[in-house]
1. Rounded to the nearest 20 Debye, what is the dipole magnitude of chain A about its Cα centre when Lys and Arg each give +1 and Asp and Glu each give -1 at the C-beta?
2. Could you give the spread of the C-alpha atoms of segment A:10-224 along their three principal axes, from largest to smallest, in whole angstroms?
3. Viscosity 1.567 mPa s, temperature 4 °C: Stokes-Einstein D of the protein assembly as shown from its Kirkwood Cα radius, in µm² per second?
4. For peptide B:177-188, compute the average count of partner chain beta-carbon atoms within 10 Å of each residue's beta-carbon.
5. Where does chain B land at 222 nm, in deg cm²/dmol rounded to the nearest 500, when only DSSP H runs of n ≥ 4 count, each adding -39500 (n - 2.57), divided by all residues?
6. Rounded to the nearest 20 debye, what is the charge dipole size of segment B:7-218 about its Cα centre when +1 sits on each Lys and Arg Cβ and -1 on each Asp and Glu Cβ?
7. Helix A:173-184 versus the longest principal axis of chain A: what is the Cα-based angle in degrees, 0 to 90, to the nearest 10?
8. Please list the equivalent ellipsoid semi-axes of segment A:14-105, computed as the square roots of five times the alpha-carbon gyration tensor eigenvalues, in descending order and whole angstrom.
Amino acid sequence: MGYAFDFSVIRDNIGLFVAGALLTFRVSLIAIAFGLILGIIGALFRTSGNRILNAVTLAYVEVIRNTPFLIQLFFIFFGLPKLGIRLNAEQAAILSLAINFGAYSTEIVRAGVESIPKGQIEAAMALGFKPLKIFRYIILTPALSNIYTALTGQVILAVLFTSVVSQIATEDLTFAGDFLNSRTFRSFEIYFTVCLFYLAIVWIIKGFAYWIERRFFEFAKYSRR
Amino acid sequence: MSDEFTLGRIFINLLIATKWTIILSIIAFVFGGIAGFLIMMMRISPIKPIRFLSWVYVEFFEGTPLLLQLFLAFFGVSVVFGINLSPLVAATIALTAFTSAFLADIWRGAVEALPKGQWEASSALGFGYFKKLRYIILPQAVKLAIAPTVGFLVQVIKGTSLASVIGFTELSRAASQINNVTLKALLVFALAGAIYFLLCYPLSLWSQRVEQRLNQQAH
């Protein structure tokens, strides 16, 4: 193997990677926030008892979960302008990521809502808990603690998925790698470094998630099994 | 000869490309399954360095985007080793790595979900390590692993769409190319999405059924 690794291309262009990482971070954060709102609304519809709302939401969830994100992204980026809706690359990226995350989080949040037995709420009422306290301690905290692991996993998958938006020329971390690769052809060094950046982002999320779990959900763990 | 793209022609062209989506999915699942089994065995090994190596492998391929793994396999490997990989070979390498990491993790979860008593009881029966796995642990773990494994197959099929980015012509790339010619984005990508849905949805349903049946047995 006569290949000499040369990581100086990384050092010389570190600003490009950092700018890309920041955009990846921003796009992820906005998309996940909107996606989570979609997911909560979706979960409300799924558990509302209204047949039509339930069916429509289920169709949304299944269509999104059973088609590739790349196709969803292209449908929105290339398709919506045909309907007169103009989006730039970043807007299209955020919109499709949010719609995608919304479908997955709908099912996760629904599982959380359904994991709270009615008797638990009735018991709290019998003990004289005020409604707000019931919502906070008896419903919300145990429900969140039940779905916390699944939600964190989905957030990580969503962040990794954002790499796909480089394909519509959103200037994220992956795009930075592509750009540099086309100029220097140090493919291995560049893409390996980009991978390490993603790995670092994933570890930061994991660490943060672990801290929140310790801080807020420790006492609710009894309800997990 | 008219090159007019009618709905029928678009659909037939997409279907022809679907063949490669299916072939690539099967390749990824078979190779990923074999490699994933070996990684899983390493993950549950009593020897610490072996466990650590497999942890690094799983952590890397689960913690980085599949798209980047494809780039590493296609551009990175060819530069470092001075060989030109075809898109199919590069996609096979990347999808195998991706699939094996996730399957190893899923299967390890299934093994670890079994009560410790199963290991202890088989030790008490005088079984050696591999005999324990073969006759006591794995048969029970397989039952737990079926639903998530089938569910992950859906992720693999969807994952093959990214092979289009390194120039492998499967369903997504065919859709992009047809869109470039016809500019009927809504129609072309909706059709491609519908074909993916028809491939994935039955598997999703099957996975959900198996899981429900398992949950009912548990109660």
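What follows is calculated from the coordinates using simple rules that are stated; it is not laboratory data. Predicted model, so just to flag it, every value in this text is computed and none were measured. Because the Cβ atoms are built from the backbone with ideal geometry, glycine has one as well, and the counts that use them run over all protein chains shown.
1. 860
2. So the extents along the principal axes, rounded to whole Å, are 70, 42, 24.
3. This corresponds to a translational diffusion coefficient of 55 µm²/s.
4. Across the residues of B:177-188, the mean count of other-chain Cβ atoms within 10 Å is 3.
5. -26000 deg cm²/dmol
6. Rounded to the nearest 20 debye, it is 340 debye.
7. That works out to roughly 10 degrees.
8. Gyration-tensor ellipsoid for segment A:14-105: 27, 17, 10 Å.
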